[in-house]
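Read the structure below first, then the notes.
The values are calculated or read from the model by the stated rules, or taken from the named source; none is laboratory data. Because the structure is a prediction, the values reported are computed rather than measured. Quick reminder, even Gly has a Cβ in these numbers, built from the backbone with ideal geometry, and neighbours come from all protein chains shown. Surface areas here come from the heavy atoms of the whole protein model, side chains and all, with no ligands, DNA or RNA. Shrake-Rupley method; radii C 1.70, N 1.55, O 1.52, S 1.80 Å.
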Amino acid sequence: MKETSIDSRLRGNENESYQANERGYYGDFGGAFIPEMLYPNVEELRSQYIQIMQEPSFQEEFKQLLKDYVGRPTPLYYAARFSKKYGTKIYLKREDLCHTGAHKVNNTIGQILMAKRLGKNRIIAETGAGQHGVATATVCALMGLECIVYMGAIDIERQAPNVARMKMLSATVRPAMSGSRTLKDATNEAIRDWINNPVDTHYIIGSVVGPHPYPDMVARFQSVISEETKKQLLEKEGRENPDYVVACVGGGSNAAGLYYHYLDEPEVGIIAVEAAGKGIDSGESAATSALGREGIIHGSKTLLMQTEDGQITEPYSISAGLDYPGVGPMHAHLFRSGRGEFISVNDADAMTAGLELSKLEGIIPAIETSHALAIFETRKFKKDDVVVINLSGRGDKDLNTFIEYFNL
Ligand SMILES: *Cc1c(COP(=O)(O)O)cnc(C)c1O
């Protein structure tokens with residue numbers, strides 16, 4: 001399985017074994033399991049994505065937009081009061097300060113530029129809570145491209161403010177009426193659309209999931225997070241490598257971005273935090289590594305919550321961004337290989353941690369992010385450990401959930 005691929009030579013490092021190989025495998029996980037009718041679309045992207053990303057003009061435009069439009073570099077903030085409370089050195093990578101309020105825009109900026117280079121003028125996307133839909137509609141408005149976002153009919157009802165945002169940004173929101181009328185049904189609709197519109201359409205997937213090359217491509221776009229972290233930590237601590245990097249994992253894109261340049265630095269501990277919902281054994285959770293078995297979802301082989309006979313289990317989490325029944329193949333491999341430490345955090349502990357960060361640091365985090373912040377109650381660190389947490393997004397979108405939960 002250790003292929004010395006063209007891909008790893010392009011990176012100039014033959015030893016990056018936790019990265020995808022040229023067929024999109026992370027160990028046993030990944031690949032491209034797609035219907036034949038989708039093959040030409042995926043193959044067009046696969047055969048060109050690395051070359052396009054490495055063109056100087058692409059890099060220049062990507063970096064410029066990240067700087068002037070997204071507001072990068074995002075700060076690496078030493079959280080003094082939060083650190084004091086837990087007796088270790090905690091830094092927050094402030095992705096919550098990105099335009100649109102989370103890390104997701106790093107990926108959609110990258111993919112809209114990719115779509116333009118591929119000559120596509122119509123963009124489709126799937127969205128669950130609407131965050132990826134908003135990030136996609138945003139970059140389509142920026143570039144003046146047509147945007148169609150598939151969203152489960154139930155989610156459209158639950159997430160009215162994000163539906164309104166997408167409309168303001170001139171996207172069309174199409175309801176998915178089949179199945180449970182949530183994220184996976186929206187994804188199926190988007191795939192159907194892509195099959196029917198192979199020439200002019202690019203499908204912007206919102207996390208490190210889907211068939212190769214998506215997980216690797218999205219991880220590369222998000223890797224700006226760890227690229228910046230290395231420089232910033234060198235300034236602040238005199239070393240590029242922290243002792244631990246910590247991130248919440250839904251599909252796994254903010255985590256992939258923070259881990260990326262640390263994957264093959266064995267002295268850096270990798271901690272992934274999943275949503276345990278109402279408890280791992282409650283039947284209402286999204287703790288994929290704890291509960292998942294090998295399976296195929298949305299075109300890649302990964303760990304997946306499923307019944308005995310292979311039916312996908314409906315996931316649950318209080319945070320809409322973490323209730324995905326699978327996990328990206330990079331993370332499945334980090335789990336299986338033992339390179340990553342996986343912790344699951346339930347709704348109540350996440351909510352408490354979100355409120356605590358607000359009170360200690362004046363930063364209201366997204367509920368997704370709050371899961372990562374909650375590990376300090378149980379996972380102890382040494383006094384001198386440097387722990388970097390990806391503060392993946394801000395809590396504005398979650399205000400109603402906070403209000404109801406705490407009777408604010
Ligand atoms: C969408 C989202 C997540 C989960 O997605 P990943 O692909 O796992 O990063 C986490 N945090 C925030 C703020 C989000 O909006």
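Scan region 285-307 and tell me whether some residue there is within 17 Å of ALA219 (Cβ to Cβ) and in a loop (DSSP other than H, G, I, E, B). Checked region 285-307: at least one residue is within 17 Å of ALA219 (Cβ to Cβ) and in a loop (DSSP other than H, G, I, E, B). When the residues of region 117-141 are filtered to those that are closer than 21 Å to ASP396 by Cβ and open to solvent by 30 Å² or more (accessible area, probe 1.4 Å), the one that is farthest from the chain's Cα centre (by Cα) is ALA141. You will find that of ALA276, ALA255, the residue that is over 21 Å from SER17 (Cβ atoms) and either open to solvent by less than 10 Å² (accessible area, probe 1.4 Å) or in contact with a strand residue (DSSP E or B) (Cβ under 8 Å, 6 or more places away or on another chain) (or both) is ALA276 and no other. Summed over region 383-408, residues that are more than 16 Å from the ligand (Cβ to nearest atom) and either in a helix (DSSP H, G or I) or open to solvent by less than 30 Å² (accessible area, probe 1.4 Å) (or both) total 7. When SER226 is tested against the conditions (1) more than 16 Å from the ligand (Cβ to nearest atom); (2) touching a Leu at 6+ places or on another chain (Cβ under 6 Å); (3) without any contact (Cβ under 8 Å) to a residue 40 or more places away in the chain, the lone failure is (1). On inspection, ALA372 does not qualify as within 13 Å of the ligand (Cβ to nearest atom), touching a residue at least 12 places away in the same chain (Cβ under 8 Å), assigned by TED's automatic domain parsing to the domain that holds LEU291 and over 24 Å from PRO266 (Cβ atoms). May I ask you to verify whether LYS380 is part of a loop (DSSP other than H, G, I, E, B), away from the ligand (no atom under 16 Å from the Cβ) and in the same structural domain as ASP96 (by TED's automatic domain parsing)? Taking the combined requirement at face value, the residue satisfies it.
Selection of region 312-360 for residues being open to solvent by 40 Å² or more (accessible area, probe 1.4 Å), assigned to a helix (DSSP H, G or I) and in contact with a Gly (Cβ under 7 Å, 6 or more places away or on another chain) yields ARG336, SER337. The set of residues in region 349-408 being of a type in the set (Lys, Arg) and either at pLDDT 95 or above or touching a strand residue (DSSP E or B) at 6+ places or on another chain (Cβ under 6 Å) (or both) consists of LYS359, ARG379, LYS380, LYS382, LYS383, ARG394. The residues of region 77-92 that are in contact with a helix residue (DSSP H, G or I) (Cβ under 6 Å, 6 or more places away or on another chain) and either open to solvent by less than 10 Å² (accessible area, probe 1.4 Å) or within 13 Å of the ligand (Cβ to nearest atom) (or both), listed by number, are ALA79, PHE82, ILE90. In region 158-169, the condition of being more than 14 Å from the ligand (Cβ to nearest atom), at pLDDT 95 or above and at positive phi is met by no residue.
In region 223-235, the condition of being on the phi > 0 side of the Ramachandran plot and either among the basic types (Lys, Arg) or within 14 Å of the chain's Cα centre (by Cα) (or both) is met by no residue. In the set (1) open to solvent by less than 40 Å² (accessible area, probe 1.4 Å); (2) at pLDDT below 95, ASP309 fails one condition alone, (1).
Condition check for LYS89 on (1) outside the structural domain of SER392 (by TED's automatic domain parsing); (2) touching a residue at least 24 places away in the same chain (Cβ under 8 Å): one failure, at (1). The condition of being assigned by TED's automatic domain parsing to the domain that holds SER47, within 14 Å of the ligand (Cβ to nearest atom) and either in contact with a His (Cβ under 9 Å, 6 or more places away or on another chain) or open to solvent by 10 Å² or more (accessible area, probe 1.4 Å) (or both) does not hold for ILE191. Which members of region 229-257 meet the condition of being in a helix (DSSP H, G or I) and within 14 Å of the ligand (Cβ to nearest atom)? Result: SER253, ASN254, ALA255, ALA256, GLY257.
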